[in-house]
Amino acid sequence: NNRIKKVLLLLGILAMGTTLILTFTRGSYLGFGAALTFMFILFLLSRGIGILKKHKKTILFLLIAVIIITLIFVIPNPLNKTGTVISKIKDRISIAQFTQFNSIARRIAIWKFSALMIKDHPLLGSGLGTFQYNSLRYQAVFFEQGQNRSIYPYGFATKAHNEYLQFWVELGIIGFAIFFWLVITYFNYGIRYLKRKKDKQKQGTVIGLMGAVMAVLVDGMFGFPLHLPATIFLFWLVIALTVIIIKRQDGASDIYISKKGKEIKKEKESNVHPFKYFLYLAIILITLFLCCMIVRPFVSQVYQFYGVHYLRKANDDEAIKNYHKALKWNPYFGFTYYDIGLILSRKGIYNLAIENFEKAGKYNDFPDLPKNLAYLYLKIGQGNQAITKFKQAISYQKQEKSMVPLYVDLGKLYLQAKRYELAEVAFGDALKITADFVNAHYGLAVAYLQQNKQTEALEELKKVIELAPESQEAKYAQNIIQKITQEKLKILPTETDNP
C-alpha cells in the first residue's frame with residue numbers, strides 16, 4: 001500500500017524489462033512469455049476465476065497494452081522503421097529469422113552429434129563438463145556421415161544449446177532423471193502450498209519465484225542459462241527462497257501433526273545440538289576448501305592473461321614464465337599447454353612442443369591441435385603418429401578446401417610407407433575437392449606408377465604439365481613421361497623382327 005515503494009518497484013521492473021529486451025535473445029523472450037503465462041495460471045489456481053472479475057480493469061488495461069504493442073510491431077510506422085530497437089527485436093523474433101540456415105541448422109547439428117555422445121554413454125554420461133572436450137571429435141564423426149558437412153555449418157560448440165540434452169550427455173539418464181525429479185518436486189511443492197494457504201502476499205511471492213524458475217527452464221531449451229554463473233546462482237537461490245517462505249508460513253520447523261491429528265509443539269532441543277560445533281567447523285573447512293578450489297583457477301587465468309600479453313609483444317621468454325606460473329596454480333589448464341606448445345614449435349624445440357600439445361589435448365580440444373601435432377611428428381620422423389593426426393586434422397577442418405593440402409601430405413606419408421593404395425585414395429580425395437591442385441595430380445601419378453598403372457599415371461602427369469607448365473613438378477612429369485615412352489619403344493617390334 002506504500003506508493004513510494006510501488007514507484008520504486010515499477011522503476012525496477014522497467015529497468016529489468018529494458019535490459020531483457022536489449023539482450024535480443026529469443027530464448028529469454030520465450031522464457032519471459034512462458035513465465036508470465038505460467039504465473040497467470042497459478043493465480044487462477046490459487047484464487048479462482050473470481051480474480052478476473054475483481055481485477056477486470058487491470059486485465060482490460062493489460063489486454064489493450066498487448067494489442068497496442070502488437071500493432072506497433074506489425075503495422076509499419078516510424079517506431080519500427082529499419083535501424084530502430086523495435087525493428088531489431090522484430091527481426092530476431094520473426095519466423096524467417098528463426099528458421100535462417102546458420103541459426104537453426106547449427107543447433108540441429110549440435111543436437112544430432114550430442115545424440116551420438118548419449119549413444120556412447122547413455123546411463124552415467126561422459127562426465128560433468130566434458131561436452132566441450134568431446135564436441136569437435138563427435139562433430140567430425142557426424143560430418144563424415146552422408147552429406148552432413150554440406151548441409152550443416154561448422155563450429156566449435158562449447159555448449160549444447162539445450163540444457164536438458166547437455167545434462168543427459170554429461171550426467172547420463174540417471175543424472176538427468178534426478179534433475180527432472182527435483183524440478184517436478186519443486187513445482188508440486190509450490191502448487192500444493194498455493195492450494196492450501198490463502199495468504200495473498202505470500203501467494204504472490206511464491207508465484208513470482210516459481211515464475212522465475214519457469215523462465216530459466218524454458219530458456220534452457222534453446223540456450224545455456226544454467227552454465228552462466230549469474231543465472232545459475234539466482235536459479236538455486238530462488239528455489240531455496242521458495243522453500244524457506246513455505247516452511248516459515250507452514251510453521252513446519254515448530255510443529256508437527258500427531259497421529260490423532262493434533263498439532264504438537266516440537267521441543268527446542270535437537271539431536272544435532274551436541275554436535276553443532278563440529279558442524280560449524282566442518283562448514284568452515286568446506287568453505288575454505290571451496291574458496292581455494294575457486295581461487296586457484298582464477299589466479300591461473302590471470303597469469304595466462306599476462307602470458308598472452310607478452311606473447312603478442314613477441315616476448316616469448318616472459319610469456320613462458322607466466323604460463324609456467326599459471327600451471328602451478330592450475331595444472332589442468334589446457335590452453336596454457338597449447339600456447340607453450342606453439343612457442344616451442346616456433347623455436348624448433350619439437351619434442352618438448354609435442355609433449356605440451358599432448359598435455360593440452362588431455363584437458364581441452366582445439367581445432368588446430370591435430371594439425372600441429374601431425375607436422376611436428378613429421379619433422380621428427382614419426383610417420384605413423386603423423387598419419388593418425390593428419391586423418392584427425394582433416395576431419396577437424398572448418399572448410400573442405402583447407403583439407404586439400406592435408407590430404408596431399410597424408411598421401412605423401414602413405415607413399416613413404418609404401419601404402420600405395422591408401423596414397424591413391426588420399427590424393428583422390430584432395431582432387432575431389434580441388435580438381436586443379438597440381439601436387440595432388442603429381443602424387444596420384446606416383447601412386448599409380450608404384451602400382452604399375454601406367455595409363456592412369458600418364459594422364460595425371462599430362463595434367464600436371466597442363467596446369468603448371470613452368471613448375472618443378474612439370475619438369476619431373478616430363479622426364480617420367482619420356483622414360484615411360486622410351487621403355488615402350490624398346491618393347492615395340494622393329495622392321496627386321498619376325499611378326
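The values are calculated or read from the model by the stated rules, or taken from the named source; none is laboratory data. The structure presented is a predicted model; accordingly, all values stated were derived computationally and were not measured. Backbone-built Cβ (ideal geometry, glycine too); neighbour counts: all protein chains shown. Accessible surface areas use protein heavy atoms only, side chains included; no ligands, DNA or RNA. Shrake-Rupley method; radii C 1.70, N 1.55, O 1.52, S 1.80 Å.
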TODO: Using only Cα atoms, tell me the angle between helix 334-347 and the longest principal axis of the chain; keep it within 0 to 90° and round to the nearest 10.
DONE: 30 degrees
Task: Förster radius 56 Å - calculated FRET efficiency between Trp111 and Gln451 (Cβ-Cβ, nearest 0.05) - done: 0.80
TODO: Determine the share of the range 379-499's accessible area contributed by carbon and sulfur atoms, expressed in whole percent, with a 1.4 angstrom probe.
DONE: 49 percent
Open item on the list: Could you tell me the calculated FRET efficiency between Ile104 and Gln145, based on Cβ-Cβ distance and R0 = 22 angstrom, to the nearest 0.05?
Closed with: 0.70
Open item on the list: Can you give me the C-alpha center-to-center distance between the range 123-181 and the range 298-351, rounded to a whole angstrom?
Closed with: 29 Å
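Please label the shape of the range 374-455 as rounded, prolate or oblate, based on the square roots a ≥ b ≥ c of the eigenvalues of the alpha-carbon gyration tensor (a/c under 1.5 means rounded; beyond that, a/b larger than b/c means prolate, else oblate).
Verdict is oblate for the range 374-455.
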- [ ] May I ask which of Lys5/Lys247; Lys5/Lys200; Lys325/Lys371 have a Cα-Cα span longer than 21 Å here?
- [x] Lys5/Lys247; Lys325/Lys371
TODO: Report, to the nearest 10°, how far helix 131-143 tilts away from the longest principal axis of the Cα atoms in the chain, using its own Cα long axis and a range of 0 to 90°.
DONE: 50 degrees
Task: Positive-end residue, the range 391-481 charge dipole about Cα centroid, Cβ charges, pick of Ala447, Leu461, Ile394 - done: Ile394
- [ ] Find how much the distance from Glu466 to Met221 grows on full extension, using 0.36 nm per residue of separation minus their present alpha carbon separation; answer in nm with one decimal.
- [x] 82.6 nm
Task: Calculated FRET value between Leu8 and Glu318, using beta carbons and R₀ = 41 Å, to 0.05 - done: 0.20
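Determine the sum of side-chain charges near Gln139: Lys and Arg each +1, Asp and Glu each -1, restricted to other residues whose C-beta is under 12 angstrom from that of Gln139.
Values: positive: Arg106, Lys112, Arg137, Arg149, Lys398; negative: Glu144, Asp365.
That works out to +3.
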- [ ] Measure nothing but the geometry: give the 0 to 90° angle between the long axis through the Cα atoms of 438-450 and the longest principal axis through the Cα atoms of the chain, rounded to 10°.
- [x] 60 degrees
- [ ] Quickly work out the Leu60-to-Ala230 label distance, labels modelled 7 Å from Cα along the C-beta direction, and quote it in nm with one decimal.
- [x] 4.0 nm
Open item on the list: Suppose only helical runs count, i.e. DSSP H with n ≥ 4. What mean residue ellipticity at 222 nm does that imply for the chain under -39500 (n - 2.57) per run, divided by all residues and rounded to the nearest 500 deg cm²/dmol?
Closed with: -24000 deg cm²/dmol
- [ ] Enumerate the calculated ³J(HN,Hα) couplings along the range 386-394 in order (Karplus 6.51 cos²θ - 1.76 cosθ + 1.60, θ = phi - 60°), each rounded to whole Hz, writing x wherever the residue is Gly or Pro.
- [x] 5, 4, 4, 6, 5, 5, 5, 4, 4
Task: Of (i) -0.85, -1.55; (ii) -0.93, -1.38; (iii) -0.65, -1.18, the label for log10 I(q)/I(0) by the Debye sum over Cα atoms at q = 0.09, 0.13 Å⁻¹ derived from the coordinates - done: (ii)
- [ ] Would you mind computing, in nm to one decimal, how far apart the modelled labels at Glu487 and Ser87 are, each placed 7 Å from Cα along Cα→Cβ?
- [x] 7.0 nm
Open item on the list: Modelling each spin label as a point 7 Å along the Cα-to-Cβ direction, I'd like the Leu281/Lys475 distance in nm, to one decimal.
Closed with: 8.4 nm
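Full extension from Ile191 to Thr18: what is 0.36 nm times the residue separation minus their Cα-Cα distance, to one decimal in nm? Before the final figure, lay out each step's value.
Values: separation 173, 0.36 × 173 = 62.28 nm, distance 3.01 nm.
The span from Ile191 to Thr18 would gain 59.3 nm if fully extended.
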